[in-house]
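Here is the structure we will look at, set down as structure tokens.
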Amino acid sequence: MKFRRLVLTAALLPVLGRGIAAQDAPPGDQGTPPAQDEGRGDEDKGDLRKRLEELEQKLKILERQKEVEQEVGAGKAKDAATVVAGKDGFVIKSADGAHQLKIRALLQTDGRFWGDDQVKPATDTFELRRARPIIEGTVSKFFDFRIVPDFGEGKTVLQDAYVDWRFTPWMRLRAGKFKSPVGLERLQSAGDIVFVERALPANLVPNRDVGLQLYGDVLEGVFSYALGVFNGVPDAGNVDLDTNDSKETAARIFLQPFKRSSVQSLQSLGFGVAATYGHSLGTTTATGLPSYKTSGQQTFFSYRSDGTVPNTAIADGRRYRVSPQAYWYAGRFGALAEYVESYQEVGRTTSRDDLKNRAWQVTATFALSDDRPTYKGIAPKRPFDPAGHAWGAFEIVARASALKVDDKAFTVYADPATAASEARERGVGFNWYASRNVKLMLDYIQTRFSGGDAAGDREDEKVLLDRFQISF
């Protein structure tokens, strides 16, 4: 309206000026007869009214055009996608939040150096342990997806590829390839574990499998559950295809009873149990049986297998696992413990036995800085910034773990001259979290064995591991 008034005033000024000038002229200067002046005055008034109407119409058009432009601009701004880059990755999100694409990554460069390895020499090496671009997103508000290839260790593996359907926080449906809901440390992200390599129980639980899983959190995570049907994989297996018609069921329940409590020291106390049950029938080319590795990634146990029927052990029946598990994080202290029993019916020619392999671990962590360890690692209160005299978070860790193979595995299904019957591991480590996204790790692990050598016990494994990690 102010704009309209200004324009009208500017248009009227010339006309008003002429009228005022005519009124102020001396009588002797008025050469036009009075009748003629009156006619001209009426004519001027008509022209003025016409001009005002034209200007009024033009102003209405201009104002409407301006309103339309503002409405279009507001609509575009409302519908425009947002692009954000931060500690959680690069995110493109629609204005209504119904569609989203997130790009993240995990990069781990390791060093592995051996001591006292005269009997079974191992190569000191640097290694690209994991190189994972992570693509996550949301489609139509309720459907999430995740795709994670891995280019580490000189090979290409599809680690995750699944779709989540979010009905409610307490009921979600996942389909595709993902981690089986069993091992507590296995379920931790590879970027959040406190040692360079997972402990020995990770050998007995599934790694990743293809299947369908119903899961959810009740009371904001006080109670969590997962129930799924999968193709079934050997211990520590990561397989894309199934080799038989049998399927495997997996289930897990986990409680954090004090999560909503006012007692802060108990809020991160959690415990639960997980299990799997299925059948596996192997062949001489795909035995369906696992091998077990140390933290130095050296195989210390494997079943007999030379590709011939008489000298190859195969999976031949039921396979089930049970794993009680717990963790507790309070202040600067944290602890994680789990126990796993893995049962597998094994056959070789006319022999057949039900073998039970067992493993356990206890891991403790303590923050040297004023930070809080959690199941998902440490987020430093003061990320590395020399100018601000901030140095990140510092953590020391220690663990003990062991794995025992069933005595019935020897000597029919495994060769005691090459396969150890037990591994006992002790380790300590130091971690520096420069930020939530950057971590440096240094571990020393020593593992002792029972059997595994023609002369008796396999040589102790002493390995120094380091890692430089970037994740976002």
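The values are calculated or read from the model by the stated rules, or taken from the named source; none is laboratory data. No experiment lies behind these values; they were computed from the predicted model shown. Positions of Cβ are generated from backbone atoms using ideal geometry, with glycine treated the same way; all protein chains shown enter the neighbour counts.
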Fill in the blank from the handout: Selection from segment 248-268 of residues of a type in the set (Gly, Ala, Ser) and surrounded by 14 or more Cβ atoms within 10 Å (Cβ to Cβ) yields Ala250, Ala251, Ser268
Exercise for the section: Filter segment 421-441 down to residues that are in contact with a Lys or Arg (Cβ under 9 Å, 6 or more places away or on another chain) and either over 30 Å from Val405 (Cβ atoms) or aromatic (Phe, Trp, Tyr) (or both) and give me whichever is surrounded by the fewest Cβ atoms within 10 Å (Cβ to Cβ). Expected result: Leu440
Handout entry: Filter result for Ser224 (in contact (Cβ under 8 Å) with a residue 60 or more places away in the chain, crowded, with 18+ Cβ neighbours inside 10 Å and within 22 Å of Gly183 (Cα to Cα))
Key = no
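Scan segment 101-119 and tell me whether some residue there is small (Gly, Ala, Ser), touching a helix residue (DSSP H, G or I) at 6+ places or on another chain (Cβ under 9 Å) and assigned by TED's automatic domain parsing to the domain that holds Phe449. Walk me through how you get there before you give the answer.
The first filter runs over segment 101-119 and keeps only residues small (Gly, Ala, Ser), leaving 105, 111, 115.
Checking which are touching a helix residue (DSSP H, G or I) at 6+ places or on another chain (Cβ under 9 Å) leaves us with none.
Scanning segment 101-119, I find no residue that is small (Gly, Ala, Ser), touching a helix residue (DSSP H, G or I) at 6+ places or on another chain (Cβ under 9 Å) and assigned by TED's automatic domain parsing to the domain that holds Phe449, so the answer is no.
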Fill in the blank from the handout: The correct count of residues that are farther than 19 Å from Ser291 by Cβ and either of a type in the set (Lys, Arg) or crowded, with 16+ Cβ neighbours inside 10 Å (or both) in segment 449-465 is 3
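Which of the following residues is touching a helix residue (DSSP H, G or I) at 6+ places or on another chain (Cβ under 7 Å) and touching a residue at least 60 places away in the same chain (Cβ under 8 Å): Ala190, Ala199, Ala236, Ala251?
Numbers: Ala190 fails: touching a helix residue (DSSP H, G or I) at 6+ places or on another chain (Cβ under 7 Å); Ala236 fails: touching a residue at least 60 places away in the same chain (Cβ under 8 Å); Ala251 fails: touching a helix residue (DSSP H, G or I) at 6+ places or on another chain (Cβ under 7 Å).
Checking each option against the conditions leaves just Ala199.
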Handout entry: Pairs where the first residue, in segment 271-294, is within 24 Å of Gly452 (Cβ to Cβ) and buried (at least 20 other Cβ atoms within 10 Å of the Cβ) and the second is among the acidic types (Asp, Glu) and modelled with pLDDT of 95 or more, C-beta under 6 Å, 6+ apart
Key = Pro290/Asp235; Thr294/Glu461
Practice task
State yes or no: is Lys120 of a type outside the set (A, V, I, L, M, F, W, C) and modelled with pLDDT of 90 or more?
Solution key: no
Practice task
Out of Phe143, Phe151, Phe167, report the one residue that is over 24 Å from Ala275 (Cβ atoms) and either surrounded by 15 or more Cβ atoms within 10 Å (Cβ to Cβ) or touching an Asp or Glu at 6+ places or on another chain (Cβ under 8 Å) (or both).
Solution key: Phe143
